[in-house]
Amino acid sequence: MQKIEKLDFGNYYHIYNRGINSCNIFKTHENYEYFLGLYDHYISPVADTFAWVLMPNHFHFLVRIKKEDEISTLYLTGSKDLSGVKPPHQYFSNLFNAYAKAVNKRFLRHGALFERPFNRKKIVHPFYLKHAILYIHDNPVHHGFCHHAMDYPWSSYLTCVSVRPTRLHRETVVGWFDNLANFKYHHDKKIDIERIEDWLLDN
């Protein structure tokens, strides 16, 4: 039986999942935008985001679940329920359920959209945080959608090299690479994605 990693407050996680039977979960530009809007609504209040990529049939996020005292109990997914902070996995489940409901309505489909349960891997060592960033940003290159991470619009790479306001913890990410020039340098290098994947996707 598959062991499910528990999401605990204050820890870093690689969160990832794909469409059920590897079906596409993002079909249009509007799908990507809508999912990101829901992510901001459900996840940003309870987790810091360091990297993300949305692929047609799967996604990856690198997040740190905030500590309980960092989460405002006034945050309540669109309601005025003041019952307090819920278990971290519930916020992600709410995100995926809300998106699946919208997609089912939009494309006249029914049933599950994502594989369940969604996957998560706790990251403890700083070495792996840096490599998780590279792995996530390299995903579109690895799957043949582009030749460089900067050419793919649905990842946090472009946000990292931008100066536009963002909720992404850009300064922290660039700091893991010492500076922006070194961040770009490491993304220009060919990475051993299979080796990193063996660890990042290991359950």
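The values are calculated or read from the model by the stated rules, or taken from the named source; none is laboratory data. Computed from a predicted model, the values in this text were never measured in an experiment. Here the Cβ is made from the backbone with ideal geometry for all residues, glycine too, and neighbour counts use every protein chain on show.
Odds and ends about this structure:
- Within the range 140-150, the presence of at least one residue that is surrounded by 19 or more Cβ atoms within 10 Å (Cβ to Cβ) and in contact with a Cys (Cβ under 6 Å, 6 or more places away or on another chain) is confirmed.
- Hey, GLU33 closer than 17 Å to ALA98 by Cα and free of Cβ contacts under 8 Å to residues at least 12 places away in the same chain or not: yes
- Within the range 133-145, residues that are closer than 13 Å to LYS189 by Cα have Cβ atoms under 8 Å from residues that are acidic (Asp, Glu) in these pairs: TYR135/GLU197, counting only partners at least 6 apart in sequence or on another chain.
- Residues satisfying the stated conditions in the range 25-55, i.e. out of contact with any helix residue (DSSP H, G or I) (no Cβ under 9 Å at 6 or more places or on another chain) and in a loop (DSSP other than H, G, I, E, B): SER44
Residue-wise test of (1) part of a helix (DSSP H, G or I); (2) at pLDDT 95 or above.
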position: ALA100; (1), (2): yes, yes
position: ARG116; (1), (2): no, no
position: TYR128; (1), (2): yes, no
position: PRO140; (1), (2): yes, yes
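- Considering only residues in the range 51-98 that are at pLDDT below 90 and more than 18 Å from PHE9 (Cα to Cα), the one that is surrounded by the most Cβ atoms within 10 Å (Cβ to Cβ) turns out to be THR77.
- Single condition GLY84 does not satisfy, out of (1) in contact with a helix residue (DSSP H, G or I) (Cβ under 6 Å, 6 or more places away or on another chain); (2) without any contact (Cβ under 8 Å) to a residue 12 or more places away in the chain: (1)
- Filtered residue count, the range 6-50, keeping only those that are surrounded by fewer than 17 Cβ atoms within 10 Å (Cβ to Cβ), under 16 Å from PHE118 (Cβ atoms) and among the charged types (D, E, K, R): 2
- When ARG167 is tested against (1) assigned to a helix (DSSP H, G or I); (2) surrounded by 12 or more Cβ atoms within 10 Å (Cβ to Cβ); (3) among the charged types (D, E, K, R), exactly one condition is not met: (1).
- Boolean, LEU158 is in contact with a helix residue (DSSP H, G or I) (Cβ under 8 Å, 6 or more places away or on another chain), at pLDDT 95 or above and either assigned to a loop (DSSP other than H, G, I, E, B) or loosely packed, with under 15 Cβ neighbours inside 10 Å (or both): no
- Residue, modelled with the lowest pLDDT, within the range 163-203, restricted to residues that are under 27 Å from LEU36 (Cβ atoms) and among the charged types (D, E, K, R): GLU197
- Matching residues in the range 102-114 - criterion: being closer than 28 Å to ASP8 by Cβ and modelled with pLDDT of 95 or more: LEU113, PHE114
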